[in-house]
1. Could you list, in sequence order, all residues of the range 132-153 that are in contact with an Asp or Glu (Cβ under 7 Å, 6 or more places away or on another chain) and either crowded, with 20+ Cβ neighbours inside 10 Å or at positive phi (or both)?
2. Quick one: in the range 238-278, which of the residues that are among the small types (G, A, S) and touching a residue at least 60 places away in the same chain (Cβ under 8 Å) is farthest from the ligand (Cβ to nearest atom)?
3. Which condition does V322 not pass, out of (1) within 16 Å of the ligand (Cβ to nearest atom); (2) over 22 Å from the mean Cα position of the chain (by Cα), if it passes all the others?
4. Within the range 295-302, is there a residue that is more than 16 Å from the ligand (Cβ to nearest atom), closer than 23 Å to W391 by Cβ, in contact (Cβ under 8 Å) with a residue 12 or more places away in the chain and buried (at least 21 other Cβ atoms within 10 Å of the Cβ)?
5. Of the residues that sit in the range 325-346 and are within 16 Å of the ligand (Cβ to nearest atom) and of a type in the set (G, A, S), which one is farthest from I381 (Cα to Cα)?
6. Quick check on my filter: what residues within the range 367-385 are part of a loop (DSSP other than H, G, I, E, B) and crowded, with 16+ Cβ neighbours inside 10 Å?
Amino acid sequence: MAVWKTVGNGTLDGISRVAGPDASKLTIILSDTLKPIPPRHTWSFGNVMTDHMVLAEFDPKTGWSSPEIRPRTPLNIDPASSCIQYGTTVFEGMKAYIGPDGEPRLFRPDMNMMRLAKSAERMALPPFDTDQVLALIKQLIIVDRRWIPLFSGYSLYIRPTLIGTRLGLSVAPSDHATLCIFLSPTGPYFRSGTKAISVLAESDIVRAWPGGTGGHKVALNYSSGFLPLRTAQKQGYQQILWLFGDDMKVTEAGAMNIFIVVRRDDGNVELLTPPLDGTILPGVTRDSVLDLAKGHTSGETILPGLLPTLRLLAQERAITMVDLRRWSADGKLLEAFGAGTAVIIASIGKIGYKGEDITLPVHEIGIGPIANAFRTRILDIQEGKEAWRNWSIPLDELQRVQ
Ligand SMILES: *Cc1c(COP(=O)(O)O)cnc(C)c1O
């Protein structure tokens, strides 16, 4: 008998909640030797790992095992496992920061947990209790706390990963799974720092399509983009601008949500991003940008460096390459930027499309003023320097589990 017991209030957005992994049964085995922390100029995204990891296993007969925090080691996975053969891996990306009070904080972690649960469901992986997983993340951060960088713009990246470990080659859902959570100290995502990046619009290969998996953080979404990424990088661009449809709708930039800033005749600006139609990853940073834009326009807050009277008219709508070319030709295309946890905000300076480049005003200068306003404010909220809607949560205020 499967023990996928539902707990609490039953369903969360249609996802059934199950018992476990039970954070109150956590065993902590500390490493005998702690690694020296390499100097931060040697860190690139995700190349340095901390000392410990969380591990829990799901078995359809017994449910979730008691979770462990233990020294970080490779996993022992059979080559016939579901994740290796059929790509049943889903993950999250979030960060821990040290606040001015010296305490670690997380940024909107409930959104990451909900998204992980939805990704798991999309891949037909066993469900889990999101509060318990968050409690495990909290414990892991406490254990590896010395790895949280103290410099602004640096943080401890958290990678909760759920993999299908069903053994056997039948093409079927994985009823076994391993949850693994590990940490990596990070700084600026791009080697160029906050300098504007260049993107190449990809018109042949698509990242996501209606009914596909683009709206979920599942491993297979990324590997299918590596070939065009390599081609784009050979041509001197840093990332792909993903398009979809005969009308070449702009969808995402690399693994970032995209925003376009267009000047209006009345002096205000439109802040555009594609709607969440299933082909767009529902980014936490995307949602934060939209909310802050509304806050600035309503006068609830003033974003750094922007005139209080500037209205940022946020709109979720389709944007095509024809639109971009027209706005650029009319001198209305002010900024474009990518948004995601790893980069926060990255200005786009150049968009290659069909052998030509659309060059934006920030090209070569660095970050655009509107991108910078969001980047600065989001970072200040994440680092606990500015309060906004309870988005930044000190670890000790996370709901106590047992
Ligand atoms: C993770 C991700 C994003 C950004 O989401 P955040 O929650 O802001 O980190 C955007 N697009 C893709 C494809 C992603 O994988």
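1. Q132, D144 - these are the residues of the range 132-153 that are in contact with an Asp or Glu (Cβ under 7 Å, 6 or more places away or on another chain) and either crowded, with 20+ Cβ neighbours inside 10 Å or at positive phi (or both).
2. The selected residue is G278.
3. (1)
4. Yes, the range 295-302 contains a residue that is more than 16 Å from the ligand (Cβ to nearest atom), closer than 23 Å to W391 by Cβ, in contact (Cβ under 8 Å) with a residue 12 or more places away in the chain and buried (at least 21 other Cβ atoms within 10 Å of the Cβ).
5. Within the range 325-346, the match that is farthest from I381 (Cα to Cα) is A336.
6. I367, G368, E383, G384
Condition check ((1) β-branched (V, I, T); (2) within 15 Å of the ligand (Cβ to nearest atom); (3) assigned to a helix (DSSP H, G or I)) across all residues:
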{"residue": "K195", "(1), (2), (3)": "no, no, no"}
{"residue": "S198", "(1), (2), (3)": "no, no, no"}
{"residue": "A201", "(1), (2), (3)": "no, no, no"}
{"residue": "I205", "(1), (2), (3)": "yes, yes, no"}
{"residue": "A208", "(1), (2), (3)": "no, yes, no"}
{"residue": "T213", "(1), (2), (3)": "yes, yes, no"}
{"residue": "N221", "(1), (2), (3)": "no, yes, yes"}
{"residue": "L229", "(1), (2), (3)": "no, yes, yes"}
{"residue": "G236", "(1), (2), (3)": "no, no, no"}
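Residue by residue, here is whether (1) within 30 Å of D265 (Cβ to Cβ); (2) crowded, with 16+ Cβ neighbours inside 10 Å holds:
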| site | (1), (2) |
| --- | --- |
| I345 | yes, yes |
| K350 | yes, yes |
| I365 | yes, no |
| A387 | no, no |
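The values are calculated or read from the model by the stated rules, or taken from the named source; none is laboratory data. None of the values given here were measured: they were computed from a predicted structure. All Cβ positions, glycine included, derive from the backbone under ideal geometry; neighbour counts span all protein chains shown.
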